[in-house]
Amino acid sequence: MKIKNICCIGAGYVGGPTMAVIAQKCPHIKVTVVDINEARIAAWNDKDLSKLPVFEPGLDDIVKGARDRNLFFSTDVDKAIDEAEMIFISVNTPTKTYGKGKGMAADLKYIELCARQIARVSKTDKIVVEKSTLPVRTASAIKSILDNTGNHVQFQILSNPEFLAEGTAVPDLLNPDRVLIGGDTTPEGTKAVNALVEVYENWVPKAQILTTNVWSSELSKLTANAFLAQRVSSINAMSELCEKTGADVDEVAKAIGMDSRIGSKFLKASVGFGGSCFQKDILNLVYIAKSYGLNKVADYWEQVIIMNDHQKQRFSDNIVNTLYNTVSGKKITFLGWAFKKDTNDTRESAAIKVADNLLSEQANISVFDPKVVGERVYADLDYLKTRTTEENRRLLNVCKDPYQACNESHAIAVLTEWDEFVDYDWENIYKSMKKPAFVFDGRGILNQKTLEKIGFVYYKIGSGID
Ligand code: UDX
Ligand code: UDX
Ligand code: ADP
């Protein structure tokens, strides 16, 4: 079966870039990305490519080349479903904030709504592809909704988890380590799997396209994220020990990373991992394990989250302790708000929790982030409901200029590893600050020797005896 028409429901951080790359690499396929959020679709269609709702290096060029040729963004969900032979579901699956599994399980209401809409609209057979990260066995739930439409349309459900990381979405999509496709082992299932394999074969070498059963595919996504997050929590656990013993966490990371069994990636100690996936997927994994009575398995993975929360708390505690046990009325500058560099996404960013802790100590915070807009910063804080909206705006101020953000400040905290922070004029920043001038480097990116020579008191996560 040759696919000519693809629809993707959900024009977010995953759906948008993924479909843009499919459209670029498969000019013979019409790709329509739909979303119920009209403002988001309007932004995807904006002539000014700097207005795209997702900032990813290189994405603007890809959208520019394919948009209105074979890549379309629309709010007409029914029409796109009706026309497509293959429908990707790429809607958000946040952690449940109510009811059973609150704070742990994934909220599948958006997925279910999509499935019901597909069931209602479809007049011809469809292949439905799960792109969102989902709890194991979600495919069977989708299938039971789709199979009970009574209109004799045949559906095949595939799991095709996305492994792209934000900030490197375009290179990750163009050059994936692997593409994973899970499907039924029946003849119809195999046919559907092959149809999706053919789409990817337009640019991904066949040896890198893995096919498995649906459940292996679903569970592999959760496992990959759990392992990656676990590495960050493991090195962060060592960072605290390094600070006590005089070891340097970057030296330790280098030494262990050269062991080919361990590998060098994902060993950068930080103020804590963030992003839309790690915490959500691990909580989900913990919930699933518990639901099968596997309490030891659940407890094992839950430690990864506990360690991450501790790392954020420890970072803000250290700022307060170092600033003579009080930050009340003091200006503290945040360089970075995004959960990592090269993205405007702030979901679960460590900066949010660190700011919340310091605001509770009555600090005044100035934030500068190269890509995150002020409204987003306030929305992230307001969402916590720790204090009123007015109070958040009174205590925290978002600056458009990093030097203004640092002016008259008692301390600078580096929360995101943006490259440009390294090249700032640190001499001038030092001159403009209150003395002693402190830098708390939560990402270990600045040059300790240079900063200390200028006069800063420099603290890096994972080094120095306190
Ligand atoms: C280990 C370290 O690998 C080595 O670098 C250090 O110097 C000493 O400790 P060793 O204990 O000799 O070496 O063997 P290793 O290959 O690491 O295996 C340790 C245990 O883990 C074995 O029981 C092995 O069966 C088990 N293992 C290893 C697994 O169960 N699964 C694996 O994937 C790898
Ligand atoms: C992650 C997975 O990498 C990706 O495969 C999956 O599809 C979605 O989740 P993402 O959350 O976009 O991607 O970014 P990632 O690069 O994994 O970083 C996650 C968090 O871990 C960030 O806050 C990052 O700063 C932090 N991190 C990562 C570290 O603190 N140290 C590291 O060494 C690596
Ligand atoms: P992700 O990081 O997984 O891509 P996002 O939140 O960035 O998550 O994107 C998910 C998108 O899915 C949002 O733009 C949201 O409006 C959209 N969405 C959610 N439910 C539906 C639905 N039933 N129909 C169409 N779009 C939906």
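The values are calculated or read from the model by the stated rules, or taken from the named source; none is laboratory data. Computed from a prediction, not measured in an experiment: that's the story for all the values here. As a convention, Cβ positions derive from the backbone with ideal geometry for all residues, glycine included, and neighbour counts pool all protein chains shown.
Contact list please: Cβ distance under 7 Å, first residue in the range 83-98 and over 17 Å from Ala195 (Cα atoms) and within 15 Å of ligand 2 (Cβ to nearest atom), second residue among the hydrophobic types (A, V, I, L, M, F, W, C) and not in a loop (DSSP other than H, G, I, E, B), pairs at least six apart or on different chains. Every condition considered, the pairs that remain are Ser90/Cys8; Ser90/Ile9; Thr93/Ala106; Thr93/Ile111; Thr95/Ala106; Thr95/Leu283. Can you confirm whether the range 54-62 contains a residue that is farther than 30 Å from Pro205 by Cα and either buried (at least 18 other Cβ atoms within 10 Å of the Cβ) or not assigned by TED's automatic domain parsing to the domain that holds Glu162 (or both)? No; the residues of the range 54-62 include none that is farther than 30 Å from Pro205 by Cα and either buried (at least 18 other Cβ atoms within 10 Å of the Cβ) or not assigned by TED's automatic domain parsing to the domain that holds Glu162 (or both). Only one entry of Lys353, Lys400 meets the criterion of being within 24 Å of Gln311 (Cα to Cα) and of a type outside the set (Gly, Ala, Ser), and that entry is Lys353. The set of residues in the range 180-222 that are in a helix (DSSP H, G or I), among the hydroxyl-bearing types (Ser, Thr, Tyr) and free of Cβ contacts under 8 Å to residues at least 24 places away in the same chain comprises Thr190, Tyr200. A search for C-beta distances below 9 Å between a residue of the range 298-319 that is touching a residue at least 60 places away in the same chain (Cβ under 8 Å) and any residue that is surrounded by fewer than 16 Cβ atoms within 10 Å (Cβ to Cβ) and not in a helix (DSSP H, G or I), counting only pairs 6+ apart in sequence or on different chains, returns Asn318/Asp466. Outside the structural domain of Ala224 (by TED's automatic domain parsing), over 26 Å from Arg347 (Cα atoms) and modelled with pLDDT of 95 or more - does that describe any residue in the range 86-107? Yes, that holds for at least one residue. When each of Val252, Val286, Val232 is tested for being in contact with a Cys (Cβ under 8 Å, 6 or more places away or on another chain), part of a helix (DSSP H, G or I), of a type outside the set (S, T, N, Q) and more than 25 Å from Val21 (Cα to Cα), the lone residue that passes is Val252.
For every residue, the table says whether it meets (1) away from ligand 3 (no atom under 16 Å from the Cβ); (2) in contact with a Ser or Thr (Cβ under 8 Å, 6 or more places away or on another chain); (3) closer than 23 Å to Asn325 by Cα.
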| site | (1), (2), (3) |
| --- | --- |
| Cys406 | yes, yes, yes |
| Ala411 | yes, yes, yes |
| Glu420 | yes, no, no |
| Tyr430 | yes, no, yes |
| Lys434 | yes, yes, yes |
| Gly442 | yes, yes, yes |
| Gly455 | yes, no, yes |
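In this structure, does Gly263 turn out to be in a loop (DSSP other than H, G, I, E, B) and over 23 Å from Ile461 (Cβ atoms)? Judged against the criteria, Gly263 is not a match. Restricting the range 46-97 to residues that are within 16 Å of ligand 3 (Cβ to nearest atom) and basic (Lys, Arg), the residue that is farthest from Gly182 (Cα to Cα) is Lys51. Between Asp78, Asp107, the distinction of being acidic (Asp, Glu), surrounded by fewer than 20 Cβ atoms within 10 Å (Cβ to Cβ) and closer than 30 Å to Ile306 by Cβ belongs to Asp107 only. When the range 15-43 is limited to residues that are more than 16 Å from ligand 2 (Cβ to nearest atom) and of a type in the set (Gly, Ala, Ser), the one that is nearest to Lys131 (Cα to Cα) turns out to be Ala20.
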